[in-house]
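Notes to accompany the following structure.
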Amino acid sequence: MTQEKLLELLGDMSLQEKVDQLLQLHEFFYTGNQEEVATGPAREMGITEEDITQAGSILGSYGAKKLKKLQDDYMAKQPHHIPMLFMMDVIHGMKTIFPAPIAQGAAFDPKIGKMAADIAAREAAVTGLHVTFSPMVDLVRDARWGRVVESTGEDPYLNAEYAKAIVEGFQGENNDLTEKFKIASCIKHFAGYGGAEAGRDYNTVEMSRPAFREYYLKSYKAGIDAGAALVMTSFNTVEGVPASVNKWLMRDILRKDFGFDGVLISDYAAIEESIYHGVSEDKRDAAKKGIEAGVDIDMMTGCYAANLAKLVEDGEVDEKLVDEAVLRVLELKNKLGLFENPYKDADEKLEKEMILSMPHRIAAREAAARTFVLLKNETDDGGFKYLPLKEGKKTAFVGPFVESQSIMSAWAVTGDEDSCVSVAQALRETFGSKYLYAKGCEILGDDVKIPGFRGMVHYPSTPEETEKLYVEAENVAKDAEQVVLFLGEDTTETGEAASKGFIELPEVQQELLRRVHKVNDNIIVVLFTGRPLDLREVSELSKSILVVWRPGTEGGHAIVDVLTGKRGPCGKLPMSFPYCVGQVPVHYDSLVTGRPAEPGTTEKFKSRYLDIPNEPLYPFGFGLTYTTIAMSDVKLDKSEMTADGKITATVTVKNLGDVVGVETPQLYIHDVKASIARPAKQLKGFEKVELMPGNAFDVKFEITKDMLTFVDGEGNEVLEKGEFEVFVGFDSATTNKASFVLK
Ligand code: BGC
């Protein structure tokens, strides 16, 4: 449809019809018992039957047949036969579930994010979906926050690279949403949601403008620049004003500075929540503030639907604001080609063929293996590394995650556990049914840390049952030369509303580790987690640790591929693993302070703790391989550079071992003196290099002025002359250094 026709349509719509385009309802309003809907949620929200009939979009529904019918019924009743939008959280896969976003970040390879999004888009599109609420690009530093599993980590550059790649995966490189198997992508949660104080979900966010601009806003901008069709607001306040009614944030930064002209949707009920923040008087006031801030769609509240028309009629809201928002919604429908083809790609036949197809499973298996991070790998008495597993060495496989198919994430809402490959299934395929196995314990025991406090879902077994499982595990462990222990967090321990004050493994599993360690200390831990954990005890009691995150549908296969050496691990931590929770938030790119402490110093008046180190247990960017790769000093081709020039930093990497390895040289830069204090190091580039045994390779990074520029509190790009340090390493802590001067 031409823009002219869209405007004509808009001009022909009644005020309430327009307002209802801005209402998003859950599918329950259409598929649920209509009497229950009317007397329950509809009454609570203050919306009428007419609002439901005319609401512009639905969330939470999929399936080609179902959505086609919903669309037919809707369009028949909608006064102008405008098609409806179907939206859903397709976060790390539709049915073929890829590793969770935190794991994808660990691949340090945005191509993985793009591939996962491309396949997710295909599977989502054939089920009739038009929009996904993904990617979540919130920068995260606090391991207590359950939603770190949905983020690609603590670094603005890494997050921005992934934001761009994932948007491209969902929408295609041409951003032509009429293209087959492409869906619209929604950048969320704007803005700063990952900065929730003390890691408690939905909590206040307080930070300086330079920090907000420099660390937090970059990834949203990258996603918007890549063409994301939507942006979602966040639940938190920004400078005291809830984001979803924050005019400065939405009008000045998002619309003006970032030039975003797509659809801005509120997070679930977030416009109404401005009342509970104590900022809006009531729903009418919340609606006024929301539309004035430029929020187009009101997700799952009646604030807009029940109040906007009256606000316009009473002269309190300019109808132009409503028109502006409705036009953006109509434009999105048009960009998706829905006026010509309201079903888009919904197709029952393709649904059967494409979903969980072999090529999709193969891609998920490959992707998962590339996200695993080897944190530790000691050498056994025979002079061999514990990993990969040596053929012929008697190995016991123990732990609650051997048989578990609960290996997706709390946000894989469209995935089915039944289609997940467990470790047990993959072991059977590799070793037959003859491998040594014990369950060891349940994933979560009745081990609440604070007596009487029950915030979590538990699957307690009685003390007798737990003891029996421990004894079985000890017997199996005694019988073997080494034990692979599959431990980790329960699916419910990360995701939305899953913040934690203790970030060790569940106590029932820590105890399993201790019990096994007493009878056999040759322990390899395979760790399923959606957040950085306090791994002090795990690290002390094990010889190897392989972090496999929430690996998704093909998790079991990928894990056995890496354990057996069919593939080598090559992931890098996208978030620092803290020494203990007392360090949190801990991140590699903090400012230097006026009293920096050398590691290990006992000097009193330094920026340090008395009882723990400043350094995390495992730093950002860290991860081992199955081989030894050496790195030379950093060579710069010049010692001085001008703003329009460039400098090339070169390191030579060499595989000294006897197996192939994939390493990730990382480039960091430090602005030594500037008008505001600068981070000790900032990631500015990385490469993935695959090296055959004996192979050497020159890795070159081109340093240009954009890598030396910072954003100040007002959003200005600032480039200041002086000395810059250049670091290259295989992680953020161990680096080789050189320096140059910007003239
Ligand atoms: C979450 C969003 C999500 C939305 C819709 C909210 O609770 O914060 O990330 O997209 O629900 O499901």
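The values are calculated or read from the model by the stated rules, or taken from the named source; none is laboratory data. Since the structure is predicted, the reported quantities are computational estimates derived from the model, not experimental observations. Ideal geometry is used to build each Cβ from the backbone, glycine not excepted, and the neighbour counts take in all protein chains shown.
Looking only at the range 457-469, decide whether some residue is buried (at least 16 other Cβ atoms within 10 Å of the Cβ) and under 25 Å from Glu378 (Cβ atoms).
Among the residues of the range 457-469, not one is buried (at least 16 other Cβ atoms within 10 Å of the Cβ) and under 25 Å from Glu378 (Cβ atoms), which makes the answer no.
Within the range 691-728, how many residues are closer than 22 Å to Val741 by Cβ and surrounded by 16 or more Cβ atoms within 10 Å (Cβ to Cβ)?
Going through the range 691-728 one residue at a time, the tally reaches 10.
What pairs can you find where one residue is in the range 112-131 and in contact (Cβ under 8 Å) with a residue 40 or more places away in the chain and of a type in the set (Asp, Glu), the other is in a loop (DSSP other than H, G, I, E, B) and buried (at least 24 other Cβ atoms within 10 Å of the Cβ), and their Cβ atoms are less than 7 Å apart, with a gap of 6+ or different chains?
Matching pairs, first to second residue: Glu123/Met94; Glu123/Thr96.
Residues checked against (1) crowded, with 21+ Cβ neighbours inside 10 Å; (2) under 27 Å from the mean Cα position of the chain (by Cα):
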position: Gly582; (1), (2): no, yes
position: Val586; (1), (2): yes, yes
position: Phe605; (1), (2): no, no
position: Ile612; (1), (2): no, no
position: Ala649; (1), (2): yes, no
position: Glu663; (1), (2): yes, yes
position: Ala674; (1), (2): no, no
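Considering only residues that are at positive phi and not small (Gly, Ala, Ser), which ones fall in the range 296-341?
Taking the range 296-341 as the starting set, the residues that turn out to be at positive phi are 300, 315, 337.
Residue satisfying the conditions is Met300 alone.
Please work out which residue is surrounded by the fewest Cβ atoms within 10 Å (Cβ to Cβ), limiting yourself to the range 203-242 and to residues that are in contact (Cβ under 8 Å) with a residue 40 or more places away in the chain and part of a loop (DSSP other than H, G, I, E, B).
This residue is Ser208.
Being crowded, with 17+ Cβ neighbours inside 10 Å, assigned to a helix (DSSP H, G or I) and without any contact (Cβ under 8 Å) to a residue 40 or more places away in the chain is the requirement here; does Ile52 meet it?
Numbers: crowded, with 17+ Cβ neighbours inside 10 Å: yes; assigned to a helix (DSSP H, G or I): yes; without any contact (Cβ under 8 Å) to a residue 40 or more places away in the chain: yes.
Judged against the criteria, Ile52 is a match.
Of (1) under 27 Å from His130 (Cα atoms); (2) in a loop (DSSP other than H, G, I, E, B); (3) within 16 Å of the ligand (Cβ to nearest atom); (4) not charged (D, E, K, R), Gly259 satisfies all except one. Which?
It fails just one condition, (3).
Name every residue in the range 268-291 that is of a type in the set (A, V, I, L, M), within 15 Å of the ligand (Cβ to nearest atom) and in contact with a Pro (Cβ under 9 Å, 6 or more places away or on another chain), in order of residue number. Please lay out each step first, then the result.
From the range 268-291, those of a type in the set (A, V, I, L, M) are 269-271, 275, 279, 286-287, 291; that's our starting set.
This time we only want the ones that are within 15 Å of the ligand (Cβ to nearest atom), so: 269-271.
Listed by number, the residues that qualify are Ala270, Ile271.
Which residue pairs have Cβ atoms closer than 8 Å, lie 6 or more positions apart in sequence or on different chains, and pair a first residue in the range 402-427 that is free of Cβ contacts under 8 Å to residues at least 12 places away in the same chain and under 20 Å from Asp561 (Cβ atoms) with a second residue that is within 16 Å of the ligand (Cβ to nearest atom) and not hydroxyl-bearing (Ser, Thr, Tyr)?
Listed pairs, sorted by first residue: none to list.
In the range 23-56, which residue that is within 16 Å of the ligand (Cβ to nearest atom) and more than 18 Å from Asn307 (Cα to Cα) is farthest from the chain's Cα centre (by Cα)?
Checking each candidate, the answer is Phe29.
Might you check whether a residue that is at pLDDT 95 or above and either within 16 Å of the ligand (Cβ to nearest atom) or surrounded by fewer than 18 Cβ atoms within 10 Å (Cβ to Cβ) (or both) occurs anywhere in the range 485-494?
Looking for residues that are at pLDDT 95 or above and either within 16 Å of the ligand (Cβ to nearest atom) or surrounded by fewer than 18 Cβ atoms within 10 Å (Cβ to Cβ) (or both), one finds at least one in the range 485-494, hence yes.
Does Val245 fit the bill of being of a type in the set (A, V, I, L, M), more than 14 Å from the ligand (Cβ to nearest atom) and surrounded by fewer than 23 Cβ atoms within 10 Å (Cβ to Cβ)?
Numbers: of a type in the set (A, V, I, L, M): yes; more than 14 Å from the ligand (Cβ to nearest atom): yes; surrounded by fewer than 23 Cβ atoms within 10 Å (Cβ to Cβ): no.
No: the conditions fail for Val245.
For Asp118, indicate whether it is at pLDDT 95 or above, within 14 Å of the ligand (Cβ to nearest atom) and closer than 27 Å to Phe372 by Cα.
Details: at pLDDT 95 or above: yes; within 14 Å of the ligand (Cβ to nearest atom): no; closer than 27 Å to Phe372 by Cα: yes.
When the stated conditions are applied, Asp118 does not pass them.
Report yes if some residue within the range 265-288 is assigned by TED's automatic domain parsing to the domain that holds Glu50, over 25 Å from Arg147 (Cα atoms) and touching a Ser or Thr at 6+ places or on another chain (Cβ under 6 Å); otherwise report no.
Within the range 265-288 (the criterion being assigned by TED's automatic domain parsing to the domain that holds Glu50, over 25 Å from Arg147 (Cα atoms) and touching a Ser or Thr at 6+ places or on another chain (Cβ under 6 Å)), the answer is yes, since at least one residue qualifies.
Give the residues of the range 255-293 that are over 26 Å from the mean Cα position of the chain (by Cα) and either β-branched (Val, Ile, Thr) or at positive phi (or both), sorted by residue number.
Ile275, Gly278, Val279, Ile291
Please list, ordered by residue number, the helices (runs of 4 or more DSSP H) wholly in the range 283-355 having 1 or more residues that are buried (at least 17 other Cβ atoms within 10 Å of the Cβ) and of a type in the set (D, E, K, R).
On the way: elements: 283-293, 303-313, 319-335, 348-354.
Answer list for the range 283-355: 283-293, 319-335, 348-354.
Would you check if Tyr618 is in contact (Cβ under 8 Å) with a residue 24 or more places away in the chain and over 30 Å from Glu663 (Cβ atoms)?
On the way: in contact (Cβ under 8 Å) with a residue 24 or more places away in the chain: yes; over 30 Å from Glu663 (Cβ atoms): no.
Against the criterion (in contact (Cβ under 8 Å) with a residue 24 or more places away in the chain and over 30 Å from Glu663 (Cβ atoms)), Tyr618 does not qualify.
From (1) without any contact (Cβ under 8 Å) to a residue 60 or more places away in the chain; (2) within 16 Å of the ligand (Cβ to nearest atom); (3) outside any helix (DSSP H, G or I); (4) more than 30 Å from Val711 (Cα to Cα), pick out the condition that doesn't hold for Ser134.
If we test Ser134 against (1) without any contact (Cβ under 8 Å) to a residue 60 or more places away in the chain; (2) within 16 Å of the ligand (Cβ to nearest atom); (3) outside any helix (DSSP H, G or I); (4) more than 30 Å from Val711 (Cα to Cα), just (4) comes out false.
Between Leu25, Leu67, Leu9, which is under 30 Å from Val317 (Cβ atoms) and crowded, with 22+ Cβ neighbours inside 10 Å? Give the derivation first.
On the way: Leu67 fails: under 30 Å from Val317 (Cβ atoms); Leu9 fails: crowded, with 22+ Cβ neighbours inside 10 Å.
Going through Leu25, Leu67, Leu9 in turn, the sole match is Leu25.
Okay, residues lined up against (1) among the basic types (Lys, Arg); (2) under 21 Å from Met299 (Cβ atoms); (3) at pLDDT below 95:
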{"site": "Glu123", "(1), (2), (3)": "no, no, no"}
{"site": "Gly128", "(1), (2), (3)": "no, yes, no"}
{"site": "Pro135", "(1), (2), (3)": "no, yes, no"}
{"site": "Arg147", "(1), (2), (3)": "yes, yes, no"}
